[in-house]
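Taking it in order: structure first as structure tokens, then the write-up.
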Amino acid sequence: MRYRLFAPLLAAALLGASIVQAATLAPEQRFRTLGDFSGRKPGKPARDVSGLACMPAANGTQRCLLINDEGSFAQFARIAENRITPEAPLPIIGTDAAPETLGQPPQGICKAPGRFAELDGEAVAYADGAFYVSGSHGCSRKKGEFRLSAFHLARIKVDAEGSPAGKVELTYRLSDMLRAAGPAGAFFGRSLMDDNGLNVEGLAVVGDTLWVGLRAPSLGNRGFLVGASLKALFAPGHAPATEAPRVFELPAGGNRGIRDLAPLPDGRLLALLGPAQEQALPYSLLLVDPARPDAATPLGDLPGRGDKAESVTVLPPDGKGLAVLIGYDGPKNGHFESYRLPLEPR
């Protein structure tokens with residue numbers, strides 16, 4: 001199913017404006033969480049939800065995978081109507097580096113060495129029978145330490161019911177791609193808070209391309225979208241990736257970057273934009289066509305809530321237009337609410 005812009009936004013896009021002030025979007029309904037998502041400490045619910053992706057709906061239900069940025073695991077969930085039901089956790093990494101991880105660990109980055117700790121999971125995507133989970137690929141926030149645990153990309157193949165089908169595959173090769181990501185690559189391995197350091201926060205998969213949305217760096221009102229080949233990322237063996245990524249600069253606004261990505265059925269992307277560091281700046285949605293990244297179109301700002309918008313997920317078609325689920329961190333088990341976007345099917 002394809003979607004077209006309503007006439008006012010389409011007209012603005014055709015005028016060639018790099019950023020058009022769109023109206024503030026109104027939430028349609030709040031989604032209830034029935035149970036707890038697991039936090040880092042046993043028995044404590046998560047308060048740091050950072051990514052959510054879902055399989056296509058079956059019998060009115062979506063099988064999903066959620067990540068929070070304080071653990072070494074993801075967690076399955078099911079969404080039906082306006083209810084989210086947490087299910088079993090899925091370990092992504094262990095307590096030490098796994099020797100079978102593809103590629104080579106990055107070296108010579110960040111301010112100081114650190115211990116192998118949590119995944120610092122920031123993004124989830126689903127496509128063609130597999131979920132993908134990414135660590136931040138950035139230095140630790142407080143001390144700028146290098147923690148190898150945060151530099152993993154994982155692929156979790158699942159069956160038609162969404163159950164894991166085989167071992168979790170891990171690769172370090174996304175680091176190779178990010179180092180080569182044009183102007184953004186120079187910020188790989190630098191501190192997010194002090195040096196505008198590169199930080200992954202969004203994932204989407206279209207065909208063989210893994211699209212990576214960067215929270216930072218933010219350079220000259222531009223955010224960065226990086227496209228990497230899944231074939232190269234998950235090729236057998238420990239050779240580093242040598243294939244050059246595709247790099248697009250998007251009109252994100254000053255000190256803002258990409259906080260999540262979601263693919264549309266026609267291959268275009270929704271980008272959730274927000275502060276690159278911790279500035280008091282609005283969150284908003286941007287429509288991106290990888291075939292014409294210069295024609296990115298704003299869809300609207302999210303209302304200020306005081307919580308951070310961390311995930312965007314496309315909801316199943318209902319005949320009323322395109323709806324997405326926005327997830328916020330901060331509250332216990334996160335806060336999820338749907339928005340109807342100014343797009344219509346075509």
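Values in this text are rule-based calculations from the coordinates and carry no lab data. As the structure is a computational prediction, the values presented were derived from the model and not from experiment. Counting neighbours? That spans all protein chains shown, and the Cβs are built from the backbone with ideal geometry, glycine included.
Based on the mean of other Cβ atoms within 10 Å per residue, sort peptides 47-54, 211-218 so the most packed one is first.
On the way: 47-54: 24.2, 211-218: 27.1.
By packing density, highest mean first, the sequence is 211-218, 47-54.
Taking amide H atoms as placed 1.01 Å from N in the peptide plane, list the residues 5 or more away in sequence, or in a different chain, whose amide H sits under 5 Å from that of residue 191.
Long-range HN contacts for residue 191: 197.
I want to make sure I understand the PRE zone here: with the label point 7 angstrom from the Cα of residue 238 toward its beta carbon, which residues in the stretch 106-135 have backbone N atoms less than 14 Å away?
Flagged as within label range: 106.
Hey, what D do you get for the stretch 142-196 in µm²/s if you plug the Kirkwood alpha-carbon radius into Stokes-Einstein at 25 °C and 0.890 mPa s? Write out the running numbers ahead of the final one.
Details: Rh = 13.6 Å.
Diffusion coefficient, whole number: 181 µm²/s.
Quick one: compute a quarter of the convex hull surface over the Cα atoms of the chain and quote it in nm². Don't skip to the end; give the middle numbers.
Values: hull surface 63.3 nm².
Computing the convex hull of the Cα atoms and averaging its projections yields 15.8 nm².
Highest mean first, what order results for 326-332, 303-309 on Cβ atoms within 10 Å? Show your work: numbers first, answer last.
Details: 326-332: 18.3, 303-309: 14.1.
Per-residue mean Cβ counts within 10 Å order the peptides as 326-332, 303-309.
Excluding same-chain residues fewer than 8 positions from residue 143, which aspartates and glutamates have a Cα within less than 17 Å of its Cα?
The reachable aspartates and glutamates, counting only those whose Cα sits under 17 Å from residue 143, are 69, 70, 118, 120, 194, 195, 278.
Extent of the stretch 59-203 along each principal axis, from alpha carbon coordinates, in Å, largest to smallest?
Projected onto the principal axes, the Cα atoms of the stretch 59-203 cover 49, 33, 28 Å.
Sum -39500 (n - 2.57) across every DSSP H segment of at least 4 residues in the chain, then divide by the residue count to get the 222 nm mean residue ellipticity, nearest 500. Provide the component values of the computation, followed by the final result.
Numbers: 5 runs with 27 residues, N = 346.
Calculated mean residue ellipticity at 222 nm is -1500 deg cm²/dmol.
Applying 1/(1 + (r/R0)^6) with R0 = 22 Å to the Cβ-Cβ distance of residue 292 and residue 255, what FRET efficiency is obtained, to the nearest 0.05?
Values: r = 25 Å, r/R0 = 1.16.
For residue 292 and residue 255, the calculated efficiency is 0.30.
What do you get when you divide the Cα radius of gyration of the stretch 39-122 by 2.2 N^0.38 Å, with N the number of residues? The partial results should precede the final answer.
Details: Rg = 15.8 Å, N = 84, 2.2 N^0.38 = 11.8 Å.
Normalised Rg, Cα atoms only: 1.33.
Report the FRET efficiency, 1/(1 + (r/R0)^6), for residue 36 and residue 194, where r is their Cβ-Cβ distance and R0 is 30 Å, rounded to 0.05. Present the calculation step by step, with values, prior to reporting the outcome.
Working: r = 35 Å, r/R0 = 1.15.
Once rounded, the FRET efficiency stands at 0.30.
Specify, per residue and in Å³, the volume enclosed by the convex hull of the alpha carbon atoms belonging to the stretch 142-284. List each step's numbers first, then the result.
On the way: hull volume 19.1 nm³, N = 143.
Cα convex hull per residue, to the nearest whole number: 133 Å³.
With the radius of gyration and the Kirkwood radius both derived from the Cα set of the stretch 204-337, what is their ratio Rg to Rh?
Details: Rg = 15.6 Å, Rh = 15.8 Å.
Rg divided by Rh gives 0.99.
Expected output is a single nm value to one decimal: the length gained when fully extending between residue 104 and residue 338, i.e. 0.36 nm times separation in residues minus the C-alpha distance. What is it?
In short, 80.2 nm is gained.
In this model, which of 44/157; 44/332; 111/142; 44/111; 167/231 are farther than 21 Å apart at the alpha-carbon?
Details: 44/157 28 Å; 44/332 9 Å; 111/142 11 Å; 44/111 32 Å; 167/231 18 Å.
Exceeds cut-off: 44/157; 44/111.
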